Amino acid sequence: MRNSYMKEELQSLNIGCTLVNAGIDKAIDKLLETIDDAVAKWNLSVAMEEYLYYFYKKNIYTRSLAKQNCKQIIYKIYQPLEIYNRVNTSERYYINKLEMEIFYKHRNILLMDNAGMGKSTLIKYMSLSILENGEYVPYILELRNIEGEEIIEYIKNEIRMQEKNILTKDVEKLLRQGKFIIFFDGFDEVDDRYKTSVSNKIKRFVEKYSENYYMLSSRQIEGIGTFESFMAFSIRDLTFDEACELIRKLDNDGEISNNLIHLLKSKGNNYQNVRDLLGNPLLVMILYSTFECGECFDIPCKKSDFYEQIFQALYKRHDKMKDGAYEHQKKSMLDISDFYTLLRKVGFKCLQKNCKVIYSRLELELIVNNALNEMKWIKTKTADYLDDVTYAVPYFRVMNNYYVWFHKSFMEYFAAAYICNDLRELKSSVFEQLAKKSGLYYNVLDFCFEMDIRAFRIHIIYPLLKQYLYNYEEQYEMLEAQGVRKEDFNLRKSLLVGYQEGIQLVDEINKRNETLVLQKKFENTKCKIISKLKTKNAILISKEDADIINIIMLLKDKKVDIFEHKIKYRTIETEFLDIPNRYYEINMEKENLLNLGNNFGYINAIIRKNVYLFNFDYDKCKKMFDEIECEIMFENGYEEINL
């Protein structure tokens, strides 16, 4: 027995110690079975045992706003999640135990989804299950921590802890055993300045130690598509019944959870929007937390209302927890209005720092100081306010002397509230910047859509419609004369809003070589070879405008009525006409040989198999475009106002 005191300590925690003790012993024995050097084997054995017990104690707990930011054992509140392959959606895995089948099939997995869907919690749960099983060694690397360090060095420094005799070459030996399952968590939380560097580090590491299994988690942001060796999965929304199961777990099937579930069921289909929101595990917890407060509770129909209610609940719950009937003042002495105003400003300033969520005490003090200097009417001390947002109204938690937003989405909510409520002349500029990085700011745009739909229509939807409608009638008139059908034209016009594409025609025998040439040619422009087509002699090259596609996905999610509900397909059987082998840009030009006769529809058929498919409805887009133009006129003061 290497370190029996660790096992005794775990026993005192009463968290499945027998199972994890056996799992750790088994995992270490398997990991070290091919190490011949007796001294090195002993040192690694001691180091790995110490590390794995530390790992288990670190990840067995999670924090929940539903329990006033208190630690809870993850097994007690984890609601099993189902993940599905984003390409082959019928491939699904229900994660309620160790699930190695997915790794055996894909080895490298990209877990990509929106805020609050439970990516980090799922990773914690899977890693603990892996450890208890003992066949493999789990490792979680929070990617925001490795901006200036090589992955192998970071892992070495964590593993060796107190055992200083562990060298890089020793860790390399362990990694060569193929017994690790490594989770890279939070690629979206890496500072923009380091994303390319961190991305390259991950790719080099995975390629060098390809014997192991990997899972990378992220929101859908620019650059995430470059991990071509990873198969992309997403998390299925919770069903209503699963959301109710999660609610019951939050108070161990107590009175509060049962009353909330009864209320939700009594509303039936009248609260369909709420049921849709309950597909998100974080929003389920927020709903429970606000209901727990009990005062003036109302079931919100918008995501932004969920977040507003949790703020009010956290602010008021601190007072309710105090003895006596009087209102207990916060250290900052701020009422709820000023407290909220200042937190909006703090959230926006954090957003300006590339959505950074972790700060030193000095960094956060500087942010609050600057916010107070720009809001002279709010009178409080920075230290008192930091104390309040850490303990009384806990949007931050202190970890290893750093201040961390409880969840990134809370920072995004307050930033969006600042943009929509406090900005005036600069609102147009800020919306433009959000649109240019819609992957990074997707959740902020989601909140802004609900908080200020007028500004969203003017600054986000209007430019998109303008791009789609540009020269629509003129281009169609030209191509119609060449035999192009209206539905084919509209689909192409829609897709060209979000993609730049081309076709390389080659001889069948040269297809492989031409593909390699094209990959090099378009590498620096972030183009990607989508497919080596089976259609005799064509290679499709597609460059996605990720920022536009993200906005389109958001509009579809928000059910903005500018899309055709059902895309009409035509079966195209005719091969290309006899045109020269070379590269052709896919566009709307009548001189383009790809746009002659049946070629136009044939190209559409190729595109739609390889991209995110959407189709604008011309009449709906034109109607909304005209409406927004009127709104812009009013915004610019053309409306006559009489008092």
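Summary table
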| item | result |
| --- | --- |
| Listed peptides 86-97, 176-187 by packing density, highest first (mean Cβ within 10 Å) | 176-187, 86-97 |
| For the stretch 434-442, Karplus couplings with θ = phi - 60° (6.51, -1.76, 1.60), whole Hz, Gly/Pro x | 4, 5, 6, 10, 5, x, 5, 9, 4 |
| Under Karplus coefficients 6.51, -1.76 and 1.60, residue-wise ³J(HN,Hα) of the stretch 394-404 in Hz, glycine/proline x | x, 8, 10, 10, 9, 10, 6, 6, 10, 9, 10 |
| Computed log₁₀ I(q)/I(0) - Debye formula, equal Cα scatterers, no solvent, the stretch 343-426, q 0.19 Å⁻¹ | -0.82 |
| Ellipsoid equivalent to the stretch 108-227 - semi-axes via the Cα gyration tensor, in Å | 23, 18, 13 |
| Volume of the Cα convex hull of the stretch 88-170, divided per residue and given in Å³ | 152 Å³ |
| Long-range amide H partners of Tyr61 with built H, under 5 Å | Ile74 |
| All-pairs Cα distance distribution in the stretch 30-132, expressed in whole percent, bin size 5 Å | 2, 9, 17, 18, 16, 14, 11, 7, 4, 1, 0 |
| Probe 1.4 Å, protein heavy atoms only - accessible area per residue of the stretch 374-503 in square angstrom | 41 Å² |
| Using θ = phi - 60° and Karplus 6.51 cos²θ - 1.76 cosθ + 1.60, couplings along the stretch 79-93 (whole Hz; Gly, Pro as x) | 9, x, 10, 10, 10, 9, 5, 6, 8, 10, 5, 6, 7, 9, 9 |
| For the stretch 381-451, alpha-carbon Rg relative to the globular expectation (2.2 N^0.38 Å, N residues) | 1.29 |
| Accessible surface, the stretch 17-147, averaged per residue in Å² (probe 1.4 Å) | 39 Å² |
| Dipole moment magnitude, nearest 20 debye, the stretch 413-505 about Cα centre, only Lys, Arg, Asp, Glu C-beta charged | 180 debye |
| Packing rank of 191-204, 20-33, where each peptide gets the mean count of other beta carbons within 10 Å, highest leading | 20-33, 191-204 |
| Amide hydrogen neighbours beyond the local backbone of Glu222, cut-off 5 Å, H modeled | Gly439, Leu440 |
| Ranked by how many other beta carbons lie within 10 Å on average, peptides 391-398, 441-448 from highest | 441-448, 391-398 |
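The values are calculated or read from the model by the stated rules, or taken from the named source; none is laboratory data. Nothing here was measured: the structure is a model prediction, and the numbers come from that model. Cβ sites come from the backbone with ideal geometry, for glycine too, and all protein chains shown count toward neighbours. In case anyone asks, the SASA skips ligands and DNA or RNA and just uses the protein heavy atoms, side chains included. Shrake-Rupley method; radii C 1.70, N 1.55, O 1.52, S 1.80 Å.
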